[in-house]
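One structure is given here, and the rest of the page talks about it.
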Amino acid sequence: MNKLCLLVSVGLLALGACVPAKKTKETEKVEKWVSLFNGKDLEGWTVKISGYPVGENFGNTFYVEDSLLKCDFRAYDRFNERFGHIYTNREYSHFKLRLEYRFFGKHADGAPGWSYLNSGMMLHAQSPESMLLDQSFPVSIEAQLLGSDSTVTNTTGNVCTPGTDVYINNELYPAHCASSSSKNYPGDEWVKAEVVVLGDSIVHHIINGDTVMTYTRLTVKAEDMTDRVPDGPLKSGRIALQAEGFPTAFRNIEILDLSEQYK
């Protein structure tokens, strides 16, 4: 082969290396996110408010307005520890969940101080049907959704553990809540929150694109609730959104079910 042919061959090889590989079915896969909220009503969800039977949406605590899922407390004379949650009607084990949230209005009269600019996503939650009538929070893992203003500064995407345990940095976390590494976001600003949940093995919290919290080894430690939620690894459950004293709006509530990948 002469020098000219060699140079042409090398050039063609280099050019070929820059040409994108032909797309295959594998590379064309697109994540199939599914909306959990239809923007019109509460179909697919069940309400449980402390002190009221399953399905009784006292005071229209949860409602739809302007295609947003909202909770507020206009019908409450005082809050009186009537913590509320709205649950998906099906369970999930391995998934990604994302939504946007913001706070509006005023803190409910009589609501605890810690619930100021405070809501949450309950992950692997017990079913509303299994809860006690006056139970405030489901046995679950909570991805906290918080806001800040001129009076308080909060990280968001924290984790709390009602009736559960988690490990952070391979150590059992002894307290009820652990703060994330997130920035502070104004309470009236839309914030995008996402979680990646893989059974009982690992969970990541992602706020506006940044991973701010990771924990592992999700375990039920329900003590007096063991007849309803057995102790042991917490592998699956419902998803629930909170109404715990500060009016909150949610939108773009979507899930990517990963269970088929982890069979």
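The values are calculated or read from the model by the stated rules, or taken from the named source; none is laboratory data. The structure displayed is predicted, hence computed values, not measured ones. Note that we place each Cβ from the backbone using ideal geometry, even for glycine, and neighbour counts take in every protein chain shown. Note: accessible area is taken over every heavy atom of the protein model, side chains too, but ligands, DNA and RNA are not part of it. Shrake-Rupley method; radii C 1.70, N 1.55, O 1.52, S 1.80 Å.
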> Among the listed residues Val212, Val195, which satisfies the condition of being under 16 Å from the mean Cα position of the chain (by Cα), farther than 25 Å from Ser127 by Cα and surrounded by 15 or more Cβ atoms within 10 Å (Cβ to Cβ)?
Replying inline: Val212
> Which members of the stretch 170-192 meet the condition of being more than 19 Å from Phe250 (Cα to Cα), touching a Phe, Trp or Tyr at 6+ places or on another chain (Cβ under 9 Å) and open to solvent by 50 Å² or more (accessible area, probe 1.4 Å)?
Replying inline: Tyr173
> Which of the residues spanning the stretch 53-77 are of a type outside the set (A, V, I, L, M, F, W, C), in contact with a helix residue (DSSP H, G or I) (Cβ under 8 Å, 6 or more places away or on another chain) and open to solvent by less than 40 Å² (accessible area, probe 1.4 Å)?
Replying inline: Tyr76
>> Looking at the stretch 11-24, can you tell me whether even one residue there is at pLDDT 50 or above and surrounded by 10 or more Cβ atoms within 10 Å (Cβ to Cβ)?
In response: no
> Looking at the stretch 113-127, which of the residues that are touching a residue at least 12 places away in the same chain (Cβ under 8 Å), over 15 Å from the mean Cα position of the chain (by Cα) and farther than 17 Å from Ala193 by Cα is most open to solvent (accessible area, probe 1.4 Å)?
Replying inline: Tyr116
>> Residue under question is Ser180, and the condition is that it be in contact with a strand residue (DSSP E or B) (Cβ under 9 Å, 6 or more places away or on another chain) and under 24 Å from Asn118 (Cα atoms); does it hold?
In response: yes
> What strands (runs of 3 or more DSSP E) completely inside the stretch 169-263 contain at least 1 residues that are of a type in the set (Phe, Trp, Tyr)?
Replying inline: 210-220, 248-257
> Can you tell me how many residues in the stretch 97-112 are farther than 11 Å from Lys192 by Cβ, more than 11 Å from the chain's Cα centre (by Cα) and either in contact (Cβ under 8 Å) with a residue 40 or more places away in the chain or crowded, with 20+ Cβ neighbours inside 10 Å (or both)?
Replying inline: 8
